[in-house]
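Novice: Let me give you the structure first, and then I'll get to my questions.
Nothing in this text is a laboratory measurement; each read-out follows from the coordinates by a stated rule. What you see is a predicted model, and the numbers here were worked out from it, not measured in a lab. Cβ atoms come from the backbone with ideal geometry, glycine included; neighbour counts cover every protein chain shown.
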Amino acid sequence: MDLSKILTIAGKSGLFEVVSQSRNGLIVESLNDGKRQPVFATSRSSMLEDISLFTDEGDVPLKDVLWKIHQQTEGQPVDNPKKDPEKATRLFEEVLPDYDRDRGHFSDIRKVLTWYNILLEKNLITEPEEEKQNEGESAEEGESEETASGKKDSSGKK
């Protein structure tokens, strides 16, 4: 999941995709309505890739939390967290049971679930690269072990 070009802007609802750079900042496109607008360097904005959530044992990257929500909901959108805060909180606690309730607030949960729905609608939620790489490395390790065990490698040598 590549969140490096998706950002949130303080004071504006929704998420934005970086389209290009200007002298004074960025040009972004709203994921909600597709309108483009400038974001100046003085604006408080954050790339989703840089956001993490507090847990009792450290921080968890947002992309990992979004993927866990995707798995928990089987790829379906979540209900509007504003309509049923208790249900939203229960879902979030199932996804991230060690969520730090002292430093985190319901507004954080609401934002994450709202962002999840926006990203899901735009088909931007995919399996994190680390898991894909780990699966690939496991397959490569199996091949390496075969070569080391005396079987012929691709060059035909023993």
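Novice: Would you mind working out the magnitude of the charge dipole of the range 51-121 relative to its Cα centre, with +1 at each Lys and Arg C-beta and -1 at each Asp and Glu C-beta, to the nearest 20 Debye? Before the final figure, lay out the partial values.
Specialist: Details: 10 positive and 15 negative charges, 71 e Å.
The calculation lands at about 340 debye.
Novice: Here's a follow-up. Using the Karplus equation 6.51 cos²θ - 1.76 cosθ + 1.60 (θ = phi - 60°), what ³J(HN,Hα) coupling, rounded to whole Hz, does each residue of the range 51-57 give in order, writing x for Gly and Pro?
Specialist: Couplings: 8, 9, 10, 6, 10, 5, 10 Hz.
Novice: DSSP loop (so not H, G, I, E, B), at most 10 other Cβ within 10 Å: list which GluC sites (Glu not before Pro) in the range 47-129 pass both filters.
Specialist: Details: sites: Glu49, Glu57, Glu74, Glu86, Glu93, Glu94, Glu121, Glu129; in loops: Glu57, Glu74.
Sparse-neighbourhood loop GluC sites (Glu not before Pro): Glu57, Glu74.
Novice: Through the Karplus equation 6.51 cos²θ - 1.76 cosθ + 1.60, θ set to phi - 60°, convert the phi angles of the range 41-49 into ³J(HN,Hα) values in whole Hz; use x for Gly and Pro.
Specialist: Once rounded to whole Hz, the list reads 4, 7, 6, 8, 9, 9, 6, 4, 4.
Novice: At a threshold of 8 angstrom on Cα-Cα distance, excluding pairs fewer than six apart, so keeping six or more, what relative contact order does the range 1-79 reach in percent? Before the final figure, lay out the partial values.
Specialist: Details: 110 pairs, mean separation 18.6, N = 79.
Worked out over the range 1-79, it gives 23 percent.
Novice: If packing is taken as the average number of other Cβ atoms within 10 Å across a peptide's residues, how do 66-73, 97-104 rank, most packed first?
Specialist: Numbers: 66-73: 18.1, 97-104: 12.6.
Listed from highest to lowest mean packing, they are 66-73, 97-104.
Novice: Can I ask one more? For a quick check: with amide H placed at 1.01 Å from N, whose amide H comes under 5 Å from Leu31's, ignoring anything fewer than 5 positions away on the same chain?
Specialist: Placed amide hydrogens put Leu15, Phe16, Glu17 under 5 Å from Leu31.
Novice: Express the relative contact order of the range 6-48 as a whole percentage, based on alpha carbon pairs under 8 Å and six or more residues apart in sequence.
Specialist: Details: 78 pairs, mean separation 16.8, N = 43.
Taking the mean separation of contacting Cα pairs over the length of the range 6-48, I get 39 percent.
Novice: Would you mind putting 32-40, 105-113 in packing order, based on average other-beta-carbon counts within 10 Å, highest first?
Specialist: Values: 32-40: 11.4, 105-113: 16.3.
Sorting 32-40, 105-113 by mean packing, highest first, produces 105-113, 32-40.
Novice: Given Ile118, Gln72, Ala88, which one lies farthest toward the positive end of the charge dipole of the range 51-121, if we put +1 on the Cβ of every Lys and Arg and -1 on the Cβ of every Asp and Glu?
Specialist: Ile118
Novice: Moving on to the next point. Across the range 76-81, in residue order, what do the Karplus-derived ³J(HN,Hα) couplings come to in whole Hz, using 6.51 cos²θ - 1.76 cosθ + 1.60 with θ = phi - 60° and x for Gly and Pro?
Specialist: Result, ordered by residue: 9, x, 8, 5, 4, x Hz.
Novice: Under 5 Å between amide hydrogens, which residues at least 5 positions from Ser52 or on another chain qualify, with H placed 1.01 Å from N in the peptide plane?
Specialist: Residues meeting the amide H criterion: Leu62.
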